[in-house]
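Everything below concerns the one structure shown next.
The values are calculated or read from the model by the stated rules, or taken from the named source; none is laboratory data. Computed from a prediction, not measured in an experiment: that's the story for all the values here. Note that each Cβ is placed from the backbone with ideal geometry, even for glycine, and that neighbours are counted across all protein chains shown.
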Ligand code: SER
């Protein structure tokens, strides 16, 4: 019965994660059961593959109208301002990241939706956090606006679960790498841009130092984790703040050398900017034992496999343009 009446709303469907999440959920369920929404329209493929609504995630009434009109049962809230942009617009980032979350949590509290996915991030950690194999529970003193909003969001998710029984589920995404949609305004964005520049110019100027190691993940794994945690049995979700999640860790020098296996002429140089300080405050690797044990998370794609997939896909994209 559950799946018969399941209707999903994706907020921020035109972003880096939202685009692929929408596509995957529409393959998995009937396309008309997956409503995409964003502050503006997205690319043709997304717009033509199922229902779409223009929605400002901070507008509670507009959100509620969509939820009621489409009889939405689950919301994936993917709209957010990422770490680098948030440093430039702190209040705008805070308002967007927090108000959109409260809007969705309050709809769930009022019984208008059954389940919520909200992404957290490795940005919840800070300089005082152990950097290697960062545990699920540890010191968390985030120093970025984005990290503060994500950590606060985690606290509120847990609060809404404990106080109001809201079925909210969350993971701490590492840096995400994909070829379909560009990321916007993050500190880990270099790991996407590097592939584009490798194919276009065989060289890349990196805004992080060569030995800045960060946790990363290929988008297919991130989407599998997202749908995986949402489909897990309610009683298996034991952490209601957000789960640590890991796949691989690398620094710019290492990703560059994996690209060189395919494009031998590729060269990289380094011009660190303000994002270096953000990266320095984040963990280098993550212990995600609890996600693996509680709801069966498993990553599949390694750095070498990811590089192969990225280069193959982007080569095709650039040939066709
Ligand atoms: N990828 C994000 C960023 O760089 C972290 O969650 O902001």
Q) Which residues, taken from the stretch 228-254, are out of contact with any helix residue (DSSP H, G or I) (no Cβ under 7 Å at 6 or more places or on another chain), over 30 Å from residue 272 (Cα atoms) and surrounded by fewer than 18 Cβ atoms within 10 Å (Cβ to Cβ)? A) 231, 233, 234, 235
Q: Tell me, yes or no, whether the stretch 206-213 has at least one residue that is within 16 Å of the ligand (Cβ to nearest atom), under 27 Å from residue 145 (Cβ atoms) and assigned to a helix (DSSP H, G or I).
A: no
Q) For the stretch 186-196, what are the residues that are within 16 Å of the ligand (Cβ to nearest atom) and either in a helix (DSSP H, G or I) or modelled with pLDDT under 95 (or both)? A) 190, 191, 192, 193, 194, 195
Q) Is it true that some residue in the stretch 48-66 is touching a strand residue (DSSP E or B) at 6+ places or on another chain (Cβ under 8 Å), surrounded by fewer than 21 Cβ atoms within 10 Å (Cβ to Cβ) and touching a residue at least 40 places away in the same chain (Cβ under 8 Å)? A) yes
Q) Looking at 208, 199, 182, which one is at pLDDT below 95 and more than 22 Å from residue 75 (Cα to Cα)? A) 182
Q. Inside the stretch 184-211, can you point out the residues that are closer than 24 Å to residue 283 by Cβ and surrounded by fewer than 19 Cβ atoms within 10 Å (Cβ to Cβ)?
A. 184, 185, 193, 209, 210, 211
Q.
I'm trying to understand the selection: among the residues of the stretch 101-118, which are within 16 Å of the ligand (Cβ to nearest atom) and crowded, with 24+ Cβ neighbours inside 10 Å?
A. 101, 118
Q. Any idea how many residues of the stretch 55-77 are in a helix (DSSP H, G or I) and farther than 14 Å from residue 12 by Cβ?
A. 8
(Q) Tell me the residue from 80, 13, 36 that is at pLDDT 95 or above, touching a strand residue (DSSP E or B) at 6+ places or on another chain (Cβ under 7 Å), part of a loop (DSSP other than H, G, I, E, B) and surrounded by 24 or more Cβ atoms within 10 Å (Cβ to Cβ), please. (A) 13
Q) Restricting the search to the stretch 119-155, which residues are over 24 Å from residue 291 (Cα atoms) and surrounded by fewer than 21 Cβ atoms within 10 Å (Cβ to Cβ)? A) 143
Q. Does residue 292 satisfy the condition of being out of contact with any helix residue (DSSP H, G or I) (no Cβ under 9 Å at 6 or more places or on another chain), at pLDDT 95 or above and either over 22 Å from residue 130 (Cα atoms) or not in a strand (DSSP E or B) (or both)?
A. yes
Q.
Can you pull out every residue in the stretch 119-133 that is more than 23 Å from residue 8 (Cα to Cα), without any contact (Cβ under 8 Å) to a residue 60 or more places away in the chain and within 16 Å of the ligand (Cβ to nearest atom)?
A. none
(Q) With modelled with pLDDT under 95 and more than 18 Å from residue 224 (Cα to Cα) as the only criterion, which of 42, 111 stands out? (A) 42
